Structure formats: structure tokens, C-alpha cells
1. Tell me which residues, restricted to the range 27-39, are touching a strand residue (DSSP E or B) at 6+ places or on another chain (Cβ under 9 Å) and in a loop (DSSP other than H, G, I, E, B).
2. Output the residue which, of all residues in the range 25-46 that are of a type in the set (Val, Ile, Thr) and open to solvent by 30 Å² or more (accessible area, probe 1.4 Å), is nearest to Val87 (Cα to Cα).
3. Within the set of pairs 6+ apart or on separate chains, which have a first residue in the range 58-76 that is within 10 Å of Ser158 (Cβ to Cβ), a second that is in a helix (DSSP H, G or I), and C-beta atoms under 9 Å apart?
4. With respect to Lys147, determine if the residue is out of contact with any helix residue (DSSP H, G or I) (no Cβ under 7 Å at 6 or more places or on another chain), among the charged types (D, E, K, R) and modelled with pLDDT of 95 or more.
5. Could you say whether any residue in the range 258-269 is farther than 16 Å from Ile139 by Cα and out of contact with any Pro (no Cβ under 9 Å at 6 or more places or on another chain)?
6. Are any residues in the range 50-71 in contact with a strand residue (DSSP E or B) (Cβ under 8 Å, 6 or more places away or on another chain), within 18 Å of Val224 (Cα to Cα) and in a helix (DSSP H, G or I), and if so, which ones?
7. Could you run through the range 188-241 and say how many residues are polar (S, T, N, Q) and open to solvent by 20 Å² or more (accessible area, probe 1.4 Å)?
8. Scan the range 40-49 residue by residue and report those that are outside any loop (DSSP other than H, G, I, E, B) and not aromatic (Phe, Trp, Tyr).
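The values are calculated or read from the model by the stated rules, or taken from the named source; none is laboratory data. No experiment lies behind these values; they were computed from the predicted model shown. Here the Cβ positions follow ideal geometry from the backbone for every residue, glycine too, while neighbour counts run over all protein chains shown. These area figures cover heavy atoms from the full protein model, side chains too; ligands, DNA and RNA do not enter into them. Shrake-Rupley method; radii C 1.70, N 1.55, O 1.52, S 1.80 Å.
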Amino acid sequence: MALVPFDDRDGFIWFDGKLVPWRDAKVHVLTHALHYASAVFEGVRVYNGNVFKLTEHNERLAESGRILGFELPYTTAEIDEATRQTVAANNIVDGYVRPIAWRGAEQMGVAAQQTKIHMSIATWVWPSYFPPELRKKGIRLNFSKWKRPHPETAPTQSKAAGLYMIGTLSKHAAEAEGYSDSIMLDWRGYLAEATGANMFLVIDGQIHTPVPDCFLNGITRRTVIDLAKKRGFTVIERHIEVAELAKAQEVFLTGTAAEVTPVGEIGEYRFTPGAVTAALIADYDALVGRTPTPAAAE
């Protein structure tokens, strides 16, 4: 199936305060963000026309900008409303929203104090991040050669564009070997996350998840932890050794894109999606107002 380029589509994008035709939302090649990765972004889901946890995402966007040293030119309330306008203008019922803020082209070089902060919001129809059939048997992952950096070497609590390059490299390598994604360790060698999703292990009925001290504490991650606790599951956040994967009966990923996705394989380790994962998929689907998937119902 031919891909539809993201720069050549019908619709509207909210760009620096107003809706513009999709193809007119452009930046110059000397934009600072293109050369120095001075951009922050979010990924947000739309379910049945409702943007899930919109304000929470936009608050994190503003905080990401502050970590990179700039303030967004709009309030969270204004960005919330602009998002709703963009979703409505594009007739999105179930889809994805991508707000991004970046430093412009007024100054070129490492220093960027004189650049203007720009912002856009785009939205499009987007199905499951991983093929739906994989939600039943679980996706296959390898281990990345890249590690999540020490928080003193990168702004790890910002959803900053530059932090995703090692995720791209990891996912490309995984897909070249027939895997869906890759698990990244942190700089100490503990389990961290997948290239764009947090991870959970089910060990003897308890749910274990890595401490997000060098990667994002995902909004979906926190949502699923709350759902698990409401179910009565014990959730333990701790540093987890790779070898502990041998003790896990189930593993799953969480994220705006991944939602709740079962894992069947990580390198040499094998897992069987089970009752805990299925319950959390069902609870997440119910929370966002979606009809349960066959994988969640079984």
C-alpha cells in the first residue's frame, strides 16, 4: 500500500494561532529546530471525537518547553481549544493529535535566545500502532544497542525531539530483523522502555515497572497504573534487571500510540499474554469509550 506523505494531504493544521490549509503549514530549511533539535512535542489520541487527557498532555508540552529553555506562546487553555478546533476542522472521530513547538529561523548556531517560538497542531486518522492481530499473541521485540542516557547528560524528562533519534535507530534495526520494536536499557543496564512506550512485567500476579528516572513517566503509563490499582493489583515501581524477564509470565507496553499492547517475545525471553494484560486492555478500552477488542475479550 502506497504511503500518503504527511506534507501532501487535505485538511487543516493549526499553525501559530490559526487554521491554515494542510499544505501551507511550512517552515524554512534554516529553522533552528531542524538543525539543533530544539523542539518539543506530544502525541494525543482522539476517541469518539473526544481528545483523551488533553489538558494533561498540553501541560506536559509546556513543561517540556521550559526544560529546553523556552515558554510556549499560548496558554494551556488556548492550546486545548486550538486542539478541539483542529480535530473538528478535520472531522476526526478516532485519530491522533500531534502538537509541536519549536525554535524558528531568526538565529542560526547553538545559541538560540533570539529565535521565535512557533507552534502547530496536526491531527489525522490513525489505527493501532501495532497490527491488531498481534495484540492477541503479543509483539516481538529485540534489545537495542542504544541506552537511555543519564539524566545529567540529556533533558530526559522533556518530550524533546532530539531524544527520539536513538529510538528511531533502535526501531529501524529491530524491524530490519523482523521484530516490531526494541527494548532499551538505561545507562546502568536496567530495563527502561521500548522506543516509544513504557513497559510492565507481570510476575506471580504482581505488576512491576521500571522507575522512570531517565525516561518519560508516560501519561498512559500513569493511567494504566491507576487502572491496575483499582483492580486490586499490586504495582511495584523499581529498577529491574534484564535477567528478571525470565520470571515474568506476562509483559505489556503502554503509550499513547501503543495503548496497552501485549508482548510475546523479548530476545530470548518468551511470554504469554494472560489475564492481567487482558483485564487492563479491557479497562483501558472502557475508559476511553471504545468497544473492547477481541484480544481484550478473550
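1. Val27, Thr31, Ala37, Ser38
2. Filtering first and then ranking leaves Val27.
3. Arg60/Ile219; Leu61/Thr76; Leu61/Ile79
4. Yes.
5. Looking for residues that are farther than 16 Å from Ile139 by Cα and out of contact with any Pro (no Cβ under 9 Å at 6 or more places or on another chain), one finds none in the range 258-269, hence no.
6. Residues satisfying the conditions are Leu54, His57.
7. Adding up the residues that qualify gives 3.
8. Val40, Val44, Arg45, Val46
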